[in-house]
Amino acid sequence: MKGAIDWADFEKIDIRVGTILEATPFPEAKKPAYRLVIDFGPMGIKRSSAQITRHYTPGELTGKQIIAVVNFPPKQIANFFSECLVLGVYDKNNQVILLQAGKKTENGDKIG
C-alpha cells in the first residue's frame, strides 16, 4: 500500500465517465495497445492510448463506457498524443480489465 493522501490530493484528480467512439490498433506503440477516441459529453472528445489488447477487441470496445482521468497533460506515445488515462484493474497476468460504472450514465459525469 502506498502512503496516505489527504482529501485535497484526491480532489485534484478529475475522473469522468466517457464512451468509446472508436478503437483502432496502435502498431507504433512499444507494447500492444489501441488508440481510443472517447466522448466525455460537455468536456468534448479526448484520445487515449490503452494497453487493453489482451481482453478486448476494437469492435467490442466501440460504444463501451469507461472511466478515465481527464486532467493529465497530454502525453506523446510514438506519433500519438494521449489526452486522458483510461482506468482498469490488473489481472493476475498483469493485463488490464477496464473499470466501468455499474449502470449507464451520462458522458462527462464525475466520479467521486
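For ASN107, the shell of other residues with beta-carbons less than 13 Å away shows a net charge of +2, using +1 for Lys and Arg and -1 for Asp and Glu.
The modelled label-to-label distance for the pair TRP7/HIS55, using points 7 Å beyond Cα in the direction of Cβ, is 3.2 nm.
List the relative contact order of the stretch 1-66 as a percent without decimals, with contacts defined as Cα pairs under 8 Å and 6+ residues apart. Don't skip to the end; give the middle numbers.
Numbers: 97 pairs, mean separation 21.9, N = 66.
That works out to 33 percent.
Count charges around ARG16 for me, please; just the other residues with Cβ under 13 Å from its Cβ, Lys/Arg as +1, Asp/Glu as -1. Before the final figure, lay out each step's value.
On the way: positive: LYS46, LYS110; negative: ASP14, ASP39, GLU83, GLU106, ASP109.
Taking every Cβ under 13 Å from that of ARG16, the sum is -3.
For LYS75, which lysines qualify as cross-link partners when the Cα separation must be under 29 Å and same-chain residues fewer than eight apart are set aside? The qualifying lysines are LYS2, LYS12, LYS30, LYS31, LYS46, LYS64, LYS92, LYS104, LYS110. Distant-in-sequence amide contacts of GLY88, defined by a placed amide H-H separation under 5 Å and a gap of 5 or more residues or a different chain, comprise LEU99. Amide H contacts under 5 Å for ASP14: VAL70, ASN71, restricted to partners 5 or more places along the chain or on a different chain, H placed in the peptide plane at 1.01 Å from N.
Taking Rh as the Kirkwood radius, which is the inverse of the mean 1/r over Cα pairs, what is the Rg/Rh value for the chain?
Working: Rg = 14.0 Å, Rh = 14.6 Å.
A ratio of 0.96.
Per residue, the average separation of C-alpha pairs within less than 8 Å and at least 6 apart gives the chain a relative contact order of 30 percent.
Remind me, relative contact order of the stretch 28-80 in percent, using alpha carbon pairs under 8 angstrom and six or more residues apart? Walk me through the numbers before you get to the answer.
Values: 40 pairs, mean separation 18.3, N = 53.
Computed over the stretch 28-80, the figure is 34 percent.
Ranking PRO73, GLY18, LEU61 by Cα position along the charge dipole of the chain, where only Lys, Arg, Asp and Glu carry charges on their C-beta atoms, puts LEU61 farthest toward the positive end.
Of all the options LYS31, LYS64, LYS92, the one that moves most in a Gaussian network model of the chain with Cα springs shorter than 10 angstrom is LYS92. FRET efficiency for the THR105 to VAL37 pair, using the beta carbon distance and R₀ = 25 Å, is estimated at 0.85.
Out of the stretch 2-38, which trypsin sites (Lys or Arg not before Pro) are coil in DSSP terms and have no more than 13 other C-beta atoms within 10 Å? Walk me through the numbers on the way to the answer.
Numbers: sites: LYS2, LYS12, ARG16, LYS30, ARG35; in loops: LYS2, LYS12, LYS30.
When the trypsin sites (Lys or Arg not before Pro) of the stretch 2-38 are filtered for loop state and at most 13 Cβ neighbours within 10 Å, LYS2, LYS12, LYS30 remain.
Helical runs assigned H by DSSP (4 residues or longer) give the chain a calculated mean residue ellipticity at 222 nm of -1500 deg cm²/dmol, each run adding -39500 (n - 2.57) before division by the residue total. Excluding ligands, DNA and RNA, the accessible surface per residue across the stretch 1-77 is 62 Å² with a 1.4 Å probe.
Could you give the size of the charge dipole of the chain about its Cα centre, using +1 on the Cβ of each K and R and -1 on the Cβ of each D and E, expressed in debye and rounded to the nearest 20? If you can, show how the numbers build up before the last one.
Numbers: 15 positive and 12 negative charges, 63 e Å.
It works out to roughly 300 debye.
The values are calculated or read from the model by the stated rules, or taken from the named source; none is laboratory data. Quick caveat: nothing in here was measured; it's all calculated off a predicted structure. No Cβ is skipped: glycine too gets one built from the backbone with ideal geometry, and neighbour counts run over all protein chains shown. The area values use the complete protein model at the heavy-atom level, side chains included, leaving out ligands, DNA and RNA. Shrake-Rupley method; radii C 1.70, N 1.55, O 1.52, S 1.80 Å.
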